[in-house]
Every structure is written in C-alpha cells, then in structure tokens.
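The values are calculated or read from the model by the stated rules, or taken from the named source; none is laboratory data. Being a predicted model, the structure only gives us computed values, none of them experimental. Quick reminder, even Gly has a Cβ in these numbers, built from the backbone with ideal geometry, and neighbours come from all protein chains shown. Only protein heavy atoms, including side chains, enter the accessible area calculation; ligands, DNA and RNA are left aside. Shrake-Rupley method; radii C 1.70, N 1.55, O 1.52, S 1.80 Å.
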Amino acid sequence: MRPRKLTRFWRNRTNASAYLFLAPALLILGLVILYPLLNTLWLSFQHKVLIRPDQDSFVGLQNYAKVLADPDVRAAASHTILFTLCSVGMKVVLGMLGALLLNVKMRGAGWVRTLYMLPWLVPSVVASLVWRWIFNDPFGIANTLLQSFGGPAVNWLGQDTTAMFAVILVDIWRGLPLMTLLLLAGLQMIPRETLEAAMIDGAHAGQRFWRVVLPMMRPTLIMAGTLSLIGTFNSFNIVYVMTGGGPAHATEILVTYVFRLAFQKFNFGYAGTLAVWIIVLLTILTGIYNRLLRERGEGDA
C-alpha cells in the first residue's frame, strides 16, 4: 500500500474510532436535550390542557400570537429583564472589584478565596429559604438590625419594590463568587510584563485598569457575562422559594410563569409556546451583550 493511501486509511480509521466513542454521549445528549426541545416545539403549536383532553387540537401559530397580546406575559418579561440586568450588572461590577482585591498577594489569600466561595456552594433552595427567614416580617434579622438603628420594620417580601430588591440581592449574593472567580482567572492571565511596561511608561493605576487590564479582560468578561446572563434569566429557585412570584405577581418572571402555566393550570401547549419565546429572547439578549462588548473592544482598538 502506498504511503498516501496508508495515511488516509489510518486517518479514516481514527475518525471512525472517534465517532464510535462519541456515539454514547451524543445519544444521551439527544435524548435529554434534543427530544425535550423538539417536544416543546411541537407542544407550542397545540392547544393542550391536561385536564381537558377532549379539547386538544393543532392551532398552528395562534399560541404565538396570544403570547404577544398577553398582558401577564408582558409584565413577567419586564420583571425578568429588570431582574436580569440589575443582577448581572452588579455581579460584573462587584465581581471585578472582588477579583482585583483577591489578586493582591497577601498572607492567607487562599483561605479568603475559599470563604468567598461559600455562598456559591450553598444550594440555591437552601440559600433562598435562609434569606426568606432573614427578610421575615417582623421577626427576620433584617428588620431586627433596621430597628436597632431606629428605623421602621419593613415588610420586605410583601411589597412590590422591596420584594424585587430582595430577590435581586439574593441572586447577586449567590452568583457573585463564581463571577469573581472567573474574572480572577482572567486577571491572572494578563502578562505581568505588560503591566510593568505600562508602569514604566508612567501610567497610574486607573490608566492601567482602563487602558490595559479591561481591554485584555474582554474575552473573559464576554464568557462570564454570558454565563451569568443565562443563569440569572433562568433563576427559578430563588424567586419561587422566596416570593412565589408575589406579591400580586410583582416578582413573577418568565420561568416562574411558565411553571405556573404548566404545573398549576396544566396548560402545556401555551407553556410550551412561552418556553420557545424564552429561548428566542435569551438568544437575542446574549447576542446583544456579546455584540456590545465586541463593538466596544473594536472602538477602543
């Protein structure tokens, strides 16, 4: 056999072996991801209420048109965008500050980093239950501290504005450690020689951060921000456990609304349609976030 044919034979054999080893993983991924996705898409074109099987029918795009005219969906979407933008924005800003502080060489830095990660290690349901107790009216720690300084007791989870503030605060508290860890990893990948060259050129700390550190951190910011955006958008546990979407749907976000439609009203068809809209909206938000950061990077360059 000629050398070229022999090389092609071994390359084909290697590719076949690779596909063979990947086949079980691809099969599992297809079963747990692709099938539910396609099934949800199929449900979105149907009128399907589990307690009224006699009314099941194919309705085409009627559910999609209904979503656009549904005031409850619009309210949940606005709550979701407010919740996501506030939470992700604060996590990026505070995460960067935390990464800069943790990047300073000091004794016991490893212990500080370990303690800093504790909120992220707590299961979200447990954390939400603890924070619900902290914000309890009138016996929670938050009100006890507030009253010790002469302030009035606040019904944190019983009022529109304070309830949204509470769920955003808890989401930031739990997601901040991971954001900080990712940004710290990006910070430590910046060559020390580059920062030293900027110092030799006379750049002060602020100039080094804006002109050197931040542009070189852009790929990390895109990755960390995108992950945080997706996670926060789908932050079901914190909102559902702390407020259940209340009071009076003031903290109802899209994922809790889908849950309510599917498992309390048993309207699987309409819930499937809304789930498809969520995927579309999440894709658009992620694209806008990445585009803004890339355009900013090209502008700086």
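Numbers at a glance
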{"item": "Accessible carbon and sulfur surface of the chain relative to its total accessible area, %, 1.4 Å", "result": "69"}
{"item": "Helical segments meeting 24 Å axial Cα length and Kyte-Doolittle 0.0 threshold in the chain (DSSP H)", "result": "3-29, 71-102, 160-188, 268-300"}
{"item": "Value of relative contact order over the stretch 164-301, rounded to a whole percent, pairs C-alpha under 8 Å and six or more apart", "result": "25"}
{"item": "Net lengthening on full extension, VAL32/PHE236 (0.36 nm per residue, minus Cα-Cα)", "result": "71.5 nm"}
{"item": "Shape of the stretch 127-167, Cα gyration tensor, a/c cut at 1.5", "result": "oblate"}
{"item": "Shape category assigned to the stretch 97-139 from the gyration tensor of Cα positions, a/c cut at 1.5", "result": "prolate"}
{"item": "GNM top mover of TYR64, TYR19, TYR289 - the chain, alpha-carbon springs below 10 Å", "result": "TYR19"}
{"item": "Charge dipole magnitude, Cβ of K and R +1, D and E -1 - the chain, Cα centre, debye nearest 20", "result": "1500"}
{"item": "Three-way shape call for the stretch 19-161 based on the alpha-carbon gyration tensor, with the a/c threshold at 1.5", "result": "oblate"}
{"item": "Computed E for THR14/ASN136 - FRET, C-beta separation, R0 45 angstrom, nearest 0.05", "result": "0.15"}
{"item": "Solvent-accessible area per residue for the chain (1.4 angstrom probe, square angstrom)", "result": "61"}
{"item": "Signed unit charges on C-beta, dipole axis of the stretch 1-131, positive-most listed residue GLY110, ALA65, MET90", "result": "GLY110"}
{"item": "For a label point 7 Å along the Cα-to-beta-carbon line of GLU196, residues of the stretch 100-120 with backbone N under 19 Å", "result": "104-106"}
{"item": "Listed residue (ASN136, GLN207, LEU195) projecting farthest to the positive dipole end of the stretch 105-246, Cβ model", "result": "LEU195"}
